[in-house]
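Q: Starting off with a structure, shown below.
The values are calculated or read from the model by the stated rules, or taken from the named source; none is laboratory data. These figures come from a predicted structure and were not determined experimentally. Cβ sites come from the backbone with ideal geometry, for glycine too, and all protein chains shown count toward neighbours.
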Amino acid sequence: MSLFVPTYYAKSIYDIPLDFYQKENIKVIFCDLDNTLDAFYENEPTKNAIELVEKLKELNIRFIITSNNHGERVHKYASKLNVECHYSSKKPLSYKLNKFIKKNRFDKKDILMIGDQELTDVICSKFLKVRIVLTEPLVKTDLPITKVNRFFDKIIRKMIKKKLLKVEVKNEQD
């Protein structure tokens, strides 16, 4: 069961307080794109995404979009944010991201993944041995290929909730 337990949980990437990244000494964020940073049908970054990435850059956090989606979509979106991207990542498999980590000489203790899927993002983070914030999907609709994952995702999330295994990221003002 621990393979499915995220390090942290937040309703959305936009609910994570900026001081969280500083307190956790995060220097690199691997962020999923579709339904984590923006809805899968958004071809360009929304105002929320632009503002968040700008704030993270001000904190000297390296923001990298890591997506299983194809290169054209991910590269076009990332270039509008002026951030790096890693497309066709093959999550939950970790070999491509591990290679990317070694090439860039990242220290895994400085990396945080953020994603909305148990079967891709959380499992990949476990294989990589990096921390992860699991979020809820931003919108209820999904790409057809994702619908099977969502079915199992719902079951896994219910099991985690029942066992109270999740850790929530909360804004201290809440």
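Q: Are there any pairs with C-beta distances below 7 angstrom linking a residue in segment 97-116 that is closer than 15 Å to residue 133 by Cα to a residue that is acidic (Asp, Glu) and crowded, with 19+ Cβ neighbours inside 10 Å, with the two at least 6 apart or on different chains, and if so which?
A: These pairs meet every condition: 113/121; 114/32; 115/32; 115/121; 116/32.
Q: Can you tell me how many residues in segment 15-27 are in contact with a strand residue (DSSP E or B) (Cβ under 9 Å, 6 or more places away or on another chain), closer than 21 Å to residue 48 by Cβ and not acidic (Asp, Glu)?
A: 4
Q: Right, here's the next one. Sort through 93, 81 and tell me the only one that's of a type in the set (A, V, I, L, M) and within 20 Å of residue 129 (Cα to Cα).
A: None of the other options fit; the residue is 93.
Q: Cβ contacts < 6 Å: first residue within 22 Å of residue 27 (Cα to Cα) and β-branched (Val, Ile, Thr), restricted to segment 40-62; second residue modelled with pLDDT under 95 and exposed (fewer than 12 other Cβ atoms within 10 Å of the Cβ), any location; separation 6+ or different chain. Result?
A: Going by the 6 Å Cβ cut-off, there are no qualifying pairs.
Q: Another question, if that's okay. Inside segment 25-39, can you point out the residues that are in contact with a Lys or Arg (Cβ under 9 Å, 6 or more places away or on another chain) and within 26 Å of residue 156 (Cα to Cα)?
A: Of everything in segment 25-39, those that are in contact with a Lys or Arg (Cβ under 9 Å, 6 or more places away or on another chain) and within 26 Å of residue 156 (Cα to Cα) turn out to be 29, 32, 33, 34.
Q: Return yes when residue 46 is among the polar types (S, T, N, Q) and touching a His at 6+ places or on another chain (Cβ under 7 Å) and no when it is not.
A: Working: among the polar types (S, T, N, Q): yes; touching a His at 6+ places or on another chain (Cβ under 7 Å): no.
No: the conditions fail for residue 46.
Q: Same structure, new question: Let me confirm something: among 41, 77, 14, which residue is within 24 Å of residue 141 (Cα to Cα), among the aromatic types (Phe, Trp, Tyr) and surrounded by 18 or more Cβ atoms within 10 Å (Cβ to Cβ)?
A: Just one listed residue meets the conditions, 77.
Q: Condition first: of a type in the set (A, V, I, L, M, F, W, C) and surrounded by 16 or more Cβ atoms within 10 Å (Cβ to Cβ). Now tell me which residues in segment 93-126 satisfy that. Full working, then the answer.
A: Within segment 93-126, the first condition is being of a type in the set (A, V, I, L, M, F, W, C), and the residues that meet it are 93, 97, 100-101, 106, 111-114, 119, 122-124.
Across segment 93-126, the qualifying residues are 97, 100, 101, 106, 111, 112, 113, 114, 119, 122, 123, 124.
Q: Could you check how many residues of segment 108-157 are touching a Ser or Thr at 6+ places or on another chain (Cβ under 7 Å) and in a loop (DSSP other than H, G, I, E, B)?
A: 3
Q: Right, something else. Given the condition at positive phi, at pLDDT below 80 and either touching a His at 6+ places or on another chain (Cβ under 8 Å) or not acidic (Asp, Glu) (or both), answer yes or no: does some residue in segment 153-174 qualify?
A: yes
Q: Further question: If you check 108, 80, 102, which single one turns out to be under 27 Å from residue 25 (Cβ atoms), over 16 Å from the mean Cα position of the chain (by Cα), of a type in the set (D, E, K, R) and at pLDDT 95 or above?
A: 102
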